[in-house]
Amino acid sequence: MDLPSLYSKIGKNSWKILGAIFRNLWNYKYVPLNVISDSAKINEEKTRRILKALGDEGIVLNKFTEYEGATLTFAGLSLYSLHLLAESGQVKAIGKKMGEGKESLVYNCISKQGEAVIKFHKLGYQSFKKVVEKRDYGNLNFLVLSIRSAKREFSALRRLRGLAVPEAYAWEGNAVLMQLIDAKELFKVRVDNPEELLDSILEEVAKFYRRGVVHGDLSPFNVLVNESGFWIIDFPQSLEVGEDNWKEILLRDLENLLKYFSRTYRIERDMNSAIEKIISDRGN
Ligand SMILES: Nc1ncnc2c1ncn2[C@@H]1O[C@H](COP(=O)(O)OP(=O)(O)OP(=O)(O)O)[C@@H](O)[C@H]1O
Ligand SMILES: [Mg+2]
């Protein structure tokens, strides 16, 4: 999927149609043609023609049985979210694809603040594809889940502002616009000061906790490092202290981290004292 080249092909009326589907995603698996047409203020015949073209580009998914309707694909949702960021002046230009995780697509961009990244969330997309092959299930689940996941990440990053996380600039649909971090994933590098780094990460996790946030997917894949420091990324799984299972999840995060440092650098830390230190720090 090449978002920039798809983006440049979309005309004014197509954006209106995509907007009409987007606004109605929460109410329908497939948004009925007449609802799209009304909401976009474009007559049904023209709406149908545009939907067909967008379907050919893989931006929407049309349905003709039972009733005529359409929904967005992951590309469609991402394009429309990008459009919202561009319309509000947050994003000036989209650049190259930087990475494709199992649950996201990350692009370079130029934002109001300068160089930045956009993370497009695609939660549940993989498993959803399998479901679609089996039965006509619609893709409401994956769209709504992806949007929620982006929202969750944005809220967590906002709460953790000023700590060792990318600064979050904006959120629209499944897209989170954030600071570009020029660093490598911890698992890809061999650091010379592992003890010090581990201590600093643990201190940061304690600071997160004091702001009421548990990461939920802490691993050497989600820590970026360079000569000047480290950043913790990837917060869609994060939860608030007090939410169901928060303590188990905090323990799991610590376990992942300690295991990695033990395996890779032979640094042994006691799990109980690590957790005690974090939890007893609250409010200090
Ligand atoms: N702010 C950022 N600056 C620079 N690179 C980033 C930034 N955010 C993400 N990346 C890059 O994109 C990759 C994927 O991002 P991230 O870890 O947030 O999502 P993910 O791994 O797909 O999510 P999940 O772990 O939920 O599947 C990262 O490993 C990193 O290389
Ligand atoms: Mg990740």
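Throughout, read-outs are computed from the coordinates displayed, never taken from laboratory work. No experiment lies behind these values; they were computed from the predicted model shown. Glycine gets a Cβ as well: all are built from the backbone with ideal geometry, and neighbour counts include every protein chain shown.
Using the C-alpha atoms of region 40-89, what convex hull volume per residue, in cubic angstrom, is computed? So the per-residue Cα hull volume is 86 Å³.
Over all directions, how big on average is the projection of the convex hull of the alpha-carbon atoms in region 184-280, in square nanometres?
Working: hull surface 23.1 nm².
For the Cα atoms of region 184-280, the hull's average projected area reads 5.8 nm².
Centre-to-centre, using Cα atoms only, region 25-98 and region 221-263 are separated by 36 Å.
Full extension from ARG161 to LYS96: what is 0.36 nm times the residue separation minus their Cα-Cα distance, to one decimal in nm? Walk me through the numbers on the way to the answer.
On the way: separation 65, 0.36 × 65 = 23.40 nm, distance 2.61 nm.
Net length gain for the segment: 20.8 nm.
Residues whose amide H lies under 5 Å from that of ASN174, counting only those 5 or more places away or on a different chain, are SER81; hydrogens are built 1.01 Å from N in the peptide plane.
Taking every DSSP beta bridge that has both residues in region 184-280, what percent is antiparallel when rounded to the nearest 5? Walk me through the numbers on the way to the answer.
On the way: 8 of 8 bridges.
If I count the DSSP bridges inside region 184-280, around 100 percent turn out antiparallel.
Do you know the relative contact order of the chain, to the nearest whole percent, from alpha carbon pairs under 8 angstrom that are 6+ apart?
After rounding, I find 12 percent.
Histogrammed with a bin width of 5 Å, the alpha carbon distances of region 3-179 distribute as 1, 9, 17, 20, 20, 15, 10, 5, 2, 1, 0 percent, first bin at zero.
Less than 5 angstrom separates the built amide H of GLU167 from those of GLN179, all sequence-distant by 5 or more or on a different chain.
Rounded to the nearest Hz, the phi-derived 3J(HN,Hα) couplings of region 165-180 under the Karplus curve 6.51 cos²θ - 1.76 cosθ + 1.60 (θ = phi - 60°) are 9, x, 6, 8, 9, 7, 9, 9, x, 9, 10, 10, 9, 8, 4, 7, where x marks glycine and proline.
Rounded to whole numbers, the Karplus 3J(HN,Hα) couplings from phi for region 101-118 are x, 5, 10, 6, 10, 10, 10, 6, 7, 10, 10, 3, 8, x, 4, 8, 10, 10 Hz, using 6.51 cos²θ - 1.76 cosθ + 1.60 with θ = phi - 60°, and x at Gly and Pro.
Please sort 53-65, 236-248 by packing, taking for each peptide the average over its residues of neighbouring beta carbons within 10 angstrom, highest first. Working shown, then result.
Values: 53-65: 17.0, 236-248: 14.8.
The peptides rank, most packed first, as 53-65, 236-248.
Candidate membrane-span-like segments in the chain, meaning DSSP H helices with Cα atoms spread over at least 15 Å of their own axis and a Kyte-Doolittle mean of 0.0 or above, are 74-87, 140-159, with no membrane implied.
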